[in-house]
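What follows is a single structure, written as structure tokens, with notes after it.
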Amino acid sequence: MRLLQSRAYLFVTFLLLYKPVCVSDLPALAAFDRAWDAARYIAVGTGLLVWLIFYRSLSKWMLALAAFCGARLLTTWSHLGSFGSTLPMIVVSTLSAAAITEMAVRTGRRAFLDGASLALGLLTAAHFATVLAFPGGMYATAAYRENYLLGYDNAALTTLLPAVCLAALRDCERGRRLSVRTAAVCACAAGAACRSWTVTSAAVTLLFLLAVLLSAAGWRPRVVNAGTALAGNALVFAGFVCFGVQERFSRFLERALHKDATLSGRAWIWERAGEAFARSPLTGAGLPEPAEARALIGATHAHNFYLDLAFTGGLVCVAAFFLLLFLCARRLWRFRKTRAGFLLTAAFGCLLLAFQMEPYRFHNFLLFTLCFFAGEFSAGEAAP
């Protein structure tokens, strides 16, 4: 079990799990891309082998996550006759990140926080450097509007939030209010989000950074809990997607955020996605390729995680996802009074809020996995 308690192993593994987008997108790096994937499978496979030999148990979270991934695969196969070009990679990434996190937290929590936070912190710093150095883009392909090491602006959010969260949890473990490493990661995350400036990435990142600073100052508002996170997001979804309240604030959207009343066409896409879901409510339409998605809803995705999941996976996948949310929320509610519980609850709520505007199909559920183990992180808290 020493392997899973090794900071070096966990550092390398998380670097491999969070492969920079430019490695995959530049044709000149195709061979390096394949080598990176092979190394990732070897690292994760080795950890799983050690776990199966010495531990031989999985949590309810891993079983529920495997069921969710299975539902996504089956619903896509039932409609398209294949798993598509991206879904298998998403499933492997999701299960790998969750498995390594669970194994490491249950065997060597401090080593996990040291290794994983360093890996994601360095990626966040490198990402910020590319935002500063190449604001006009440098990719050989035209896949992204800007050059960002971790993907275009909003997609990078799924690495920035876990990077800040892991650094803050490491401070909890060591009894520190705000370490130099955490401050540096927060600064790079804020700089990257604001420099790239999309409303979603900037607002959600800054909101979570505010929670980190409040926690470091010893103030944890009771209103930040799993119940308010879920209820607040339900209200946002109902307001924007179901009732279109953004139309009443069209002037503010245009002047302050440079958005029209449809939120850059999202309202129309949401309507089309809802229609696609209504045609096949049980199993959805499967995860289509970009061209097929455009034919269905007028865009490559629904610009809303919940609608995207509904129209691609139907009620089967929606129910499996809500089971995951329930498992996370129950743990977060139980440990809501601890500093680690507060940080994880804030991250949970912010990610759910980000889901309102983007689908984050490549999101690997690392933050949700951390939330499920709120009790373990709370138990390891040291007094500052």
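The values are calculated or read from the model by the stated rules, or taken from the named source; none is laboratory data. Because the structure is a prediction, the values reported are computed rather than measured. With ideal geometry, Cβ positions are generated from the backbone for all residues, glycine too; neighbour counts draw on all protein chains shown. Calculation scope for accessible area: heavy atoms of the full protein, side chains included, ligands and nucleic acids excluded. Shrake-Rupley method; radii C 1.70, N 1.55, O 1.52, S 1.80 Å.
The residue that is surrounded by the most Cβ atoms within 10 Å (Cβ to Cβ), among those in segment 281-309 that are charged (D, E, K, R) and assigned to a helix (DSSP H, G or I), is Asp308.
Condition check ((1) crowded, with 24+ Cβ neighbours inside 10 Å; (2) hydrophobic (A, V, I, L, M, F, W, C); (3) at pLDDT 95 or above) across all residues:
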residue	(1), (2), (3)
Phe311	yes, yes, no
Val316	no, yes, yes
Ala320	no, yes, yes
Leu323	no, yes, yes
Phe326	no, yes, yes
Ala329	no, yes, yes
Leu332	yes, yes, yes
Phe342	yes, yes, yes
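Exactly one residue among Ala111, Ala35, Ala8, Ala66 is at pLDDT 90 or above, closer than 21 Å to Gly151 by Cα and outside any loop (DSSP other than H, G, I, E, B), and that residue is Ala35. For segment 159-197, the set of residues classified as more than 16 Å from Ser117 (Cβ to Cβ) and within 17 Å of the chain's Cα centre (by Cα) consists of Ala190, Ala192, Ala193, listed by residue number.
Among the residues of segment 198-235, which ones are of a type in the set (Gly, Ala, Ser), open to solvent by 50 Å² or more (accessible area, probe 1.4 Å) and not in a loop (DSSP other than H, G, I, E, B)? Residues satisfying the conditions are Ala203, Ala231, Ala234. Taken together, the residues in segment 338-377 that are small (Gly, Ala, Ser), more than 28 Å from Gly244 (Cβ to Cβ) and within 11 Å of the chain's Cα centre (by Cα) amount to 1.
Residues of segment 342-360 that are among the small types (Gly, Ala, Ser) and either free of Cβ contacts under 8 Å to residues at least 24 places away in the same chain or more than 15 Å from Leu166 (Cβ to Cβ) (or both): Gly349, Ala354.
Restricting Arg170, Arg177, Arg195 to those that are in a loop (DSSP other than H, G, I, E, B) and either open to solvent by less than 30 Å² (accessible area, probe 1.4 Å) or among the basic types (Lys, Arg) (or both) reduces the list to Arg177. Considering each residue of segment 42-50 in turn, at least one proves to be on the phi < 0 side of the Ramachandran plot, more than 24 Å from the chain's Cα centre (by Cα), open to solvent by less than 30 Å² (accessible area, probe 1.4 Å) and in contact (Cβ under 8 Å) with a residue 40 or more places away in the chain.
For Val23, the test of being open to solvent by less than 20 Å² (accessible area, probe 1.4 Å), of a type in the set (Val, Ile, Thr), over 26 Å from Phe321 (Cα atoms) and not in a loop (DSSP other than H, G, I, E, B) is passed.
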